[in-house]
Amino acid sequence: GRMGGVTNLTDPLWRKYFEDVYNDSLQSMPFYTVLGNHDYMGNTTAQLKYNILDQRWILPERFYSQRVPISGTPGENVTFIFIDTSPFIQDYYDKPENSKMKEQLALQDYTKQLSWLDYTLSNTQTKWKLLVGHHPIVSHAGKNIYKSVDPARSMAAVQPLMEKHGVQAYFCGHIHDLQHLNMNGSDFFISGGGAFGKVYLADEDTTSFVSFKSDAAGVMSVHLFADRMESSFLASNGTVLHNAVTPVSPTV
């Protein structure tokens with residue numbers, strides 16, 4: 001198949017990869033979306049506008065935050081912060097995957113996004129702050145493109161802000177496997193095995209942070225409570241591969 005996102009609002013890929021897949025019981029489920037590198041190979045503006053055709057598709061800006069009530073706990077909310085990670089990857093500027101990626105990334109400013117993230121987290125009143133993006137901040141393996149000659153211009157720049165503002169966890173994909181890492185008081189969940197699992201060469205620098213890794217195809221299921229978050233990695237046949245509990249406040 002074509003690797004480069006959608007071309008416009010009527011691209012058949014919308015139906016093939018979204019409408020025809022997430023239907024039936026998911027007809028009223030909101031899909032909070034983030035852009036990945038393949039989206040930058042297509043038309044990202046079309047993705048920002050797609051909500052006018054399907055209200056389930058939520059991508060109001062390239063990066064945005066959303067406060068959501070925690071079900072079963074009246075008055076308690078969680079703030080999700082969704083970030084646009086491709087502008088942090090120096091590799092995509094040095095060797096863009098196509099001309100669309102080059103043109104669209106040239107218009108992004110990762111320093112502005114970091115300032116926005118710092119400001120948004122400073123003004124977040126909820127105890128729960130969860131971050132979502134496409135690329136990993138830390139990973140047991142893969143191309144490790146979050147490592148960069150300039151750490152300020154890489155996914156590594158996001159981690160100190162998580163620590164500063166007590167962000168409990170970061171959820172991402174990109175690497176085609178399943179991982180749970182814990183670093184400096186935050187959990188890092190990589191759920192990139194939705195289509196298939198892939199075997200990667202391990203990165204020895206991150207071994208000490210790894211709680212779980214699997215090259216099985218699978219997904220994550222997450223339940224949020226006022227005091228804790230319970231996360232499970234499930235194989236494609238429904239078998240539970242790993243469970244994690246993230247407390248709302250870091251345990252000293």
Task: Gain in span if fully extended, GLN27 to SER115, counting 0.36 nm per residue against the direct Cα distance - done: 28.1 nm
Task: ³J(HN,Hα), Karplus 6.51/-1.76/1.60, whole Hz, each residue of region 55-63, x for Gly, Pro - done: 5, 5, 7, 10, 8, x, 8, 5, 9
TODO: Grab the Cα-Cα distance for ALA156 and SER214, subtract it from 0.36 nm times how many residues apart they are, and report the gain in nm with one decimal.
DONE: 18.6 nm
Open item on the list: Number of Lys pairs in region 121-212 with C-alpha atoms less than 29 angstrom apart, excluding same-chain neighbours closer than eight positions?
Closed with: 8
Open item on the list: Can you compute the radius of gyration and Dmax for the chain, using only the Cα atoms, both in Å?
Closed with: 17.7, 52
Open item on the list: Using only the heavy atoms of the protein chains and a 1.4 Å probe, how would HIS134, HIS176 rank by accessible area, largest first?
Closed with: HIS176, HIS134
Task: region 206-223 - phi-based ³J(HN,Hα) in whole Hz, Karplus 6.51/-1.76/1.60, Gly and Pro as x - done: 9, 3, 5, 8, 7, 8, 7, 8, 8, 9, 6, 6, x, 9, 10, 10, 10, 10
- [ ] Scan around PHE212 for amide H atoms under 5 Å from its own, H built in the peptide plane at 1.01 Å from N, and keep only partners 5 or more places away or cross-chain.
- [x] HIS180
- [ ] Arrange the residues GLU61, GLU204 by how much accessible surface each exposes, largest first, with a 1.4 angstrom probe.
- [x] GLU204, GLU61
- [ ] On the full set of protein chains, 1.4 Å probe, figure out the accessible area of GLU97 and give it in Å² to the nearest 10.
- [x] 80 Å²
Task: Whole-number accessible area per residue in Å² for region 1-108, which is evaluated in the context of all protein chains at 1.4 Å - done: 55 Å²
Task: Stretchable slack from VAL240 to LYS164, in nm (0.36 nm times residue separation minus alpha-carbon distance) - done: 24.1 nm
Open item on the list: Which trypsin sites (Lys or Arg not before Pro) in region 188-229 sit in a loop by DSSP (not H, G, I, E or B) and have at most 14 other Cβ atoms within 10 Å of their own Cβ?
Closed with: LYS198
TODO: Estimate the FRET efficiency between ASP54 and SER221 by the formula 1/(1 + (r/R0)^6), using the beta-carbon distance for r and 30 Å for R0, to the nearest 0.05.
DONE: 0.80
TODO: Please label the shape of region 125-227 as rounded, prolate or oblate, based on the square roots a ≥ b ≥ c of the eigenvalues of the alpha-carbon gyration tensor (a/c under 1.5 means rounded; beyond that, a/b larger than b/c means prolate, else oblate).
DONE: oblate
Open item on the list: With a 1.4 Å probe and all protein chains left in place, how much of the accessible area of region 98-252 comes from carbon and sulfur atoms, in whole percent?
Closed with: 55 percent
- [ ] Could you tell me what percent of the DSSP beta bridges with both partners in the chain are antiparallel, to the nearest 5?
- [x] 70 percent
Task: Residues whose placed amide H lies under 5 Å from that of SER236, excluding near-sequence neighbours - done: ALA217
TODO: Report, in whole Å, the centroid distance computed from the Cα atoms of region 96-130 and region 160-181.
DONE: 15 Å
Open item on the list: Tell me whether region 1-86 comes out rounded, prolate or oblate; compute the Cα gyration tensor, take square roots of the eigenvalues as a ≥ b ≥ c, and use a/c under 1.5 as the rounded threshold.
Closed with: oblate
- [ ] Go ahead and set up a Gaussian network model of the chain, Cα springs under 10 Å, then flag whichever of ASP24, ASP215, ASP227 fluctuates most.
- [x] ASP24
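The values are calculated or read from the model by the stated rules, or taken from the named source; none is laboratory data. Bear in mind the structure is a predicted one, so any value in this text is a computation, not a measurement. Ideal geometry is used to build each Cβ from the backbone, glycine not excepted, and the neighbour counts take in all protein chains shown. Only protein heavy atoms, including side chains, enter the accessible area calculation; ligands, DNA and RNA are left aside. Shrake-Rupley method; radii C 1.70, N 1.55, O 1.52, S 1.80 Å.
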